Amino acid sequence: MRLTDVENNAVNLLGAMPERTPALVRLTLTTLLGLDATLKAEVTEEMLEDAARRIEAQLYIRMEDAAAVQLKFEEWLPGRRADAPHFYYPRYRNWLGGRGFPPSVLGVMDKDTDKIVGLLENPLKGGNWKRRGLVVGHVQSGKTANYSGVICKASDYGYRFVVVLTGTQEDLRAQTQERIEEGFIGVSSEATRAHEARVGVGLAGLQRRPLTLTSRDVDFRSAYVNLAVPLQSLSEPLVLVMKKNASVLKNLIEWLKTKSFEGDGAKISAMPMLLIDDEADNASVNTSLDPGAPKRINALIRALLDLFDRNVYLGYTATPFANIFIDPDATDSLKREDLFPRDFIVALDAPTNYVGPSSIFPEDGRLHGCLCYVEDHEDILPERHKITLDPRRLPPSLEEAIRVYVLGRAVRAIRGQGTNHSSMLINVSRFNDVQTRVTGLVNDQLNTIRNACIGHGALPEPEAVKDPEIARLKQVWNTRLNDLEEDWEEVLAQLPKVVGPIEVRKINSKSSDVLDYRRYKDTGLHVIAVGGLALSRGFTLEGLSVSYFLRNSMMYDTLLQMGRWFGYRDGYADLCRIYMTPAAESWYAHISEAIEELRFEFKRMERLHKRPEDFGLRVRSHPSALIVTARNKMRSGRKVPHAVALGGRSIETTQLRTDSQEENFRALDRLVAQLEADRPHVSENGSGNKLWRKVAVERVRDFVKAFRNHDEISLETQSDPVLSYIEANPERLQQWDVCLYGRRTAHSDAGEQTVGGVRIFRQLRGGTFDDRGGYISVSGRSARIAAPGDEKEGMMGDEIRSAEEEFRSSSSNEGKSIPDRVYRQRRSKPLLMLRLLHVEEMKPEDGKKARVCEDMVAWGMSFPPAGAQERTVEYIVNTTWWRSNFEEELEDDTEDLEAFDD
């Protein structure tokens, strides 16, 4: 037994008690610890107190119910609760409780799985039927635990054939198989002896047992399958866990045709089928330019569903952009509909102990301090490189990150977590060959650290630090981990023991290395994983504490899926460090905001009883969707129109042309002079910002016409559609608030300038200079030029108070800063936001001085909400330009995928 097992048992017992006082927590923990004399002798008073605090934190974890938008549907589940033979789900729930899931979280899971299963069709319903749905979770938030619960509950109600499609990587499939065995089947496919076979839920009993034709080692292969009876004769559910591999899917389809009662060409009847598509936005979405001739994986999923006369497609993803872009009316040449979730979409919440983008990337995020900036890599490991790149050394920041991981291992050992899995992620290249070279360098660095720790770590501290590597470890401790309760001498004493088991493994499609955590359940696997795509989707790096990330992408789903550092870090969140460039941080912050806005929109549409298609249209018409369109259509080589609605939205010029600096300054100077002549500005609360109220729309329109936008990359701010939108909505957009931001802050120490006779402070921003594209990508810490709260300008006091009170009334917003979208929903007039920027290059070329662009003009608009009949406007996405400038990102998205689409 381990200390974590004692903690889980304590949480389970305390969860059933009406009171959970601090004294009772400690009494329960001490009582349980007394059952294992060996463990009790190893646990110090400090370790016991840390465990008690972790238990207290777990007992107060909260979670909101899932939200759903759906078509009208005849509710069936409540009427069957009394007569269904409930076995699989109660067994699963009890097992989760024993693993330390708080009662409050289990209670929400009960309701969420009821909601999802209730939106599937009643499996006892006769005739032909089909359902299409999507569940949207958070990256690394426990989607597998949710769909395991759905499988258990659906099986209790009568679903008898379940297929779980994982991603395209075998490691992920094997990990998912292991979790399905633990949560549903109850028997390990790895066991060689009967007494070792029971796992997970099976430890509580195997009175009933699902069948499976896949294992942790082997995907579905019909040649190895021995099923003596037709499918319809099975008395228990049959579950398969499979990769999205064309050959495997074809194999299953052909096998199914031989295993049913039906004649040639007939559908399999009276066999309710549930297909769960994990990572549903990866490989499953049809990216073919011809909707009638879908891509292989997409076509095979449709064909598999079509074999059954009663079938459900249930997608799971944390990044639903691609799924929502599916045409709801698209069919293939056989009239089989695409996978758009036309019946329902469910959005899961995450527990309060979940570490997501909003915990890390906003400046007020509770773990924002874990970010460490990488700015020393360009001449060694540039983000854009070729397969021939041969780094001769590691960037100093990567060497530091490895030391942070080793030190974190020592701290976890002090906390009694030494046998828990621990991992470090290194994602610096999409090329397997480059990953191989980096793996060698990382292994060499680890050996240097290991030799120093084993050779000198046990010496008295003054002697130990004479070793240069020990001295460097101490320096890193003092700079990166100096806020921890543990002290350096304690850590030093642990280093010789914890550094030995650490391994470096290369994880990609050409490597034999695997992250087989299950084989190290007693000692823990301690690993530095070097990889690319194989570490970017679905796969969980257990005990991940340090991440080193040098990938560059503007694509929301790609970036979010690369973020393996999201998830649960109970007991060691303070040890976590994420190394990335300032530019990558700004994109993640922007994505965090976009995702939060998507969830806000979803809950609003649930209250309005909207349909999935309505939500799909709303997402597709969001300005940020233009980037998704650019990626999806990049191969077409055409200028693609895309309809956008701007009501309740904010847009900004975050990419600025380098050939139009003087022209755009003149446009701003002219506008400010005109505004001052019409009505002098006000400066509310002494902020230094200059505000003009009740500005005629003609002033705004003339400025947008005169401003030279980079239409290919700054898609949201193309002048023609923006002006068309303003003209199409005259009743709401006749009078404007206009704000010239010029207050003096930490971001405005770049001197003063006079614009249109008004004196302001320039706003300091970082930028990436793209000479090939002819623009500067400008951002603060959130890929936005605006600062939090900027969109309040011009609003009345009662509007601001009403917005803030509504936001704070939700328990899920506790401790969060108020995002600008909350104020935007209360705006009565549109706001034009103007800025004069001093832009400094964030990543100068090696050996060159950082470039500076002064007096760069940027603008943004904050639009009030629109009514139900809002008119959209047509933007143009130049896919030829995007392909020539971002083809590497297109290739990155399909890295290794071709091997699975044969």
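Observations on the structure shown:
- Verdict on D669 being of a type outside the set (F, W, Y), in a loop (DSSP other than H, G, I, E, B) and modelled with pLDDT of 90 or more: no
- Reported count of residues in the stretch 131-145, each being in contact with a Phe, Trp or Tyr (Cβ under 8 Å, 6 or more places away or on another chain), surrounded by fewer than 24 Cβ atoms within 10 Å (Cβ to Cβ) and not in a loop (DSSP other than H, G, I, E, B), is 4.
- Matching residues in the stretch 457-480 - criterion: being among the basic types (K, R) and exposed (fewer than 11 other Cβ atoms within 10 Å of the Cβ): K466
- Here D720 passes the criteria (1) open to solvent by less than 60 Å² (accessible area, probe 1.4 Å); (2) assigned to a helix (DSSP H, G or I) except the one numbered (1).
- Number of the exception - D798 against (1) among the charged types (D, E, K, R); (2) in a helix (DSSP H, G or I); (3) at pLDDT 90 or above; (4) surrounded by 13 or more Cβ atoms within 10 Å (Cβ to Cβ): (4)
- Comparison of E898, E874, E891 shows that the only residue that is at pLDDT 65 or above and surrounded by fewer than 18 Cβ atoms within 10 Å (Cβ to Cβ) is E874.
- H421 over 30 Å from D820 (Cβ atoms), open to solvent by 10 Å² or more (accessible area, probe 1.4 Å) and under 24 Å from the mean Cα position of the chain (by Cα): yes
- In the stretch 187-242, residue modelled with the lowest pLDDT [restricted to those that are among the hydroxyl-bearing types (S, T, Y) and open to solvent by 20 Å² or more (accessible area, probe 1.4 Å)]: Y224
- Checked against the criterion of being among the polar types (S, T, N, Q), at pLDDT 85 or above, open to solvent by 10 Å² or more (accessible area, probe 1.4 Å) and within 27 Å of the chain's Cα centre (by Cα), the candidates N286, N245, N282, N298 yield just one match: N245.
- Flag if R437 is open to solvent by 20 Å² or more (accessible area, probe 1.4 Å), at pLDDT 95 or above and either closer than 19 Å to G532 by Cβ or among the small types (G, A, S) (or both): yes
- Comparison of K267, K250 shows that the only residue that is open to solvent by 20 Å² or more (accessible area, probe 1.4 Å), of a type in the set (K, R) and modelled with pLDDT under 90 is K267.
- Lone unmet requirement of (1) open to solvent by 70 Å² or more (accessible area, probe 1.4 Å); (2) in contact with a Phe, Trp or Tyr (Cβ under 6 Å, 6 or more places away or on another chain); (3) closer than 20 Å to S650 by Cβ for V700: (1)
- Verdict on S777 being of a type in the set (G, A, S), surrounded by fewer than 17 Cβ atoms within 10 Å (Cβ to Cβ) and more than 24 Å from Q735 (Cα to Cα): no
- Residue check, R604 modelled with pLDDT of 80 or more and open to solvent by 10 Å² or more (accessible area, probe 1.4 Å): yes
- Residues in the stretch 151-204 that are among the small types (G, A, S), more than 20 Å from K521 (Cβ to Cβ) and under 31 Å from the mean Cα position of the chain (by Cα): A154, S155, G167.
- Among the candidates V187, V218, V248, V150, the residue that is closer than 30 Å to N282 by Cα and touching a strand residue (DSSP E or B) at 6+ places or on another chain (Cβ under 6 Å) is uniquely V248.
- The stretch 635-650 - residue that is open to solvent by less than 40 Å² (accessible area, probe 1.4 Å) and not in a loop (DSSP other than H, G, I, E, B) and, of those, modelled with the lowest pLDDT: S636
- D290 meets all of the listed conditions (1) in a loop (DSSP other than H, G, I, E, B); (2) closer than 24 Å to L172 by Cα but one, namely (2).
- Residues in the stretch 353-412 that are buried (at least 17 other Cβ atoms within 10 Å of the Cβ), more than 15 Å from R551 (Cα to Cα) and at pLDDT below 90: 12 in all.
- Exclusive hit being open to solvent by 20 Å² or more (accessible area, probe 1.4 Å), at pLDDT below 90 and among the acidic types (D, E), set D487, D557, D483: D483
- Residue in the stretch 1-22 that is among the small types (G, A, S), more than 14 Å from P103 (Cβ to Cβ) and at pLDDT 80 or above present: no
- Total residues in the stretch 726-751, condition farther than 20 Å from Q655 by Cβ, outside any loop (DSSP other than H, G, I, E, B) and at pLDDT 90 or above: 8
Okay, residues lined up against (1) at pLDDT below 95; (2) closer than 24 Å to L481 by Cβ; (3) under 20 Å from the mean Cα position of the chain (by Cα); (4) open to solvent by 20 Å² or more (accessible area, probe 1.4 Å):
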site	(1), (2), (3), (4)
V504	no, yes, no, yes
S511	yes, no, no, yes
S536	yes, no, yes, no
E542	yes, yes, yes, yes
M562	yes, no, yes, no
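The values are calculated or read from the model by the stated rules, or taken from the named source; none is laboratory data. Fair warning: this is a prediction, and the values are worked out from it, not measured in the lab. Every residue, glycine as well, gets a Cβ built from its backbone with ideal geometry; the counts of neighbours run over all protein chains shown. Only protein heavy atoms, including side chains, enter the accessible area calculation; ligands, DNA and RNA are left aside. Shrake-Rupley method; radii C 1.70, N 1.55, O 1.52, S 1.80 Å.
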